[in-house]
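We did not get these values from a lab; they are worked out from the coordinates using the rules stated. Remember, it's a predicted structure, so these values are computed and weren't measured experimentally. Virtual Cβ from ideal backbone geometry, glycine too; neighbours counted across all protein chains shown.
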Amino acid sequence: MRLLIQCVKEAEVVVEGALIGKIGKGILVFLGIHKDDTKQDCLYLKEKILALRIFKDKEEKMNLSLQDIGGEMLIVSQFTLYADCAKGRRPSFTEAGPPSLAKELYDYFIDEIKKAFPNLQTGLFGAHMEVKLLNDGPLTFLLETNKPN
């Protein structure tokens, strides 16, 4: 799994003209599912993302977690995080999880996050989404589970 995390002052996701998710200060998470991912990957990254100290304290040091600041989270599925652009001009998506697996793990990840973190909004899996954000920093982090090559 790959999570591309952006600290934001605000973010929102729109599908077919309708606002379906909106947050204030917090993180926008783009979630990519690898073809070999499991529920264990979801649980590992859930714990990691909730404890990650990426927000500044009073001394301007990254020392606070999303929970510490009372922030919000918006999760958007993003299969293109597994795009391989090494050959040719068209990306290959052979490492991305097939839609059935990706949907299952996306839903599982969302459910697991909700158990520990109520300030959660989501996009719509498989939909064409318009994502708007106002970066804070900008601060962007990539988290991933290790996969053998």
**Q.** D_trans [Stokes-Einstein, Kirkwood Rh over alpha-carbon pairs] for the stretch 75-149, 20 °C, 1.002 mPa s, µm² s⁻¹
**A.** 145 µm²/s
Q: Using amide H atoms built 1.01 Å from N in the peptide plane, name the residues 5+ places from ASP37, or on other chains, whose amide H lies under 5 Å from its own.
A: none
Q) Going by alpha carbons, how many degrees (0 to 90, nearest 10) lie between the helix axis of 99-116 and the longest principal axis of the chain? A) 20 degrees
**Q.** Relative contact order [Cα under 8 Å, 6+ residues apart], the stretch 1-60, whole percent
**A.** 33 percent
Q) In whole percent, what relative contact order does the chain give with Cα contacts below 8 Å and a gap of six or more residues? A) 39 percent
Q: Calculate the dipole size of the chain relative to its Cα centre from +1 charges on Lys and Arg beta carbons and -1 charges on Asp and Glu beta carbons; express the result in debye to the nearest 20.
A: 240 debye
Q: Within the stretch 1-95, list the trypsin sites (Lys or Arg not before Pro) lying in a DSSP loop whose Cβ has at most 12 other Cβ atoms in a 10 Å radius.
A: LYS58, LYS61, LYS87, ARG89
Q: Enumerate the amide H contacts of GLU10 below 5 Å, restricted to partners 5 or more residues apart or on another chain; note that Pro and chain-start residues carry no placed amide H.
A: LEU134
Q | Label point distance in nm, LYS103-GLU144, each placed 7 Å from Cα along Cα→Cβ | A | 2.6 nm
Q) Against the longest alpha carbon principal axis of the chain, how many degrees, from 0 to 90 and to the nearest 10, is the axis of helix 39-51 turned? A) 20 degrees
Q. Do any GluC sites (Glu not before Pro) in the stretch 17-93 lie in a loop, going by DSSP, with at most 16 other beta-carbon atoms within 10 Å of their beta carbon, and if so which?
A. GLU59, GLU60
Q: For the stretch 9-23, take each phi angle, set θ = phi - 60°, evaluate the Karplus expression 6.51 cos²θ - 1.76 cosθ + 1.60, and give the result in whole Hz per residue in order, putting x for glycine and proline.
A: 7, 6, 7, 8, 10, 10, 10, 6, x, 9, 6, 10, x, 8, 9
**Q.** Two-site label geometry, GLU130 and ALA83: point separation in nm, points 7 Å out along Cα→Cβ
**A.** 2.0 nm
(Q) Need the full-extension length gain, LYS58 to LYS115, defined as separation in residues times 0.36 nm minus the C-alpha distance. One decimal, nm. (A) 17.6 nm
Q: Pull up all non-local amide H partners of ALA127: gap of 5 or more, or a different chain, and H-to-H distance under 5 Å with H placed in the peptide plane.
A: none
Q. Among all the lysines, which ones have a C-alpha under 17 Å from LYS39's C-alpha, if same-chain residues fewer than 8 places away are not counted?
A. LYS48, LYS103, LYS114, LYS115, LYS147
Q: Among THR80, VAL13, PRO91, flag the residue with its Cα farthest along the positive direction of the charge dipole of the stretch 2-140, charges on Cβ as +1 for Lys/Arg and -1 for Asp/Glu.
A: PRO91
Q: Two decimals is fine: what's Rg over Rh for the stretch 1-79, C-alpha atoms, Kirkwood radius as Rh?
A: 1.02
Q. Once the chain is represented by equal point scatterers at the alpha-carbon sites, with solvent omitted, what log10 I(q)/I(0) does the Debye formula produce at q = 0.09, 0.19 Å⁻¹?
A. -0.28, -1.20
Q) Where both partners of a DSSP beta bridge lie in the stretch 2-140, what percent of those bridges are antiparallel, to the nearest 5? A) 70 percent
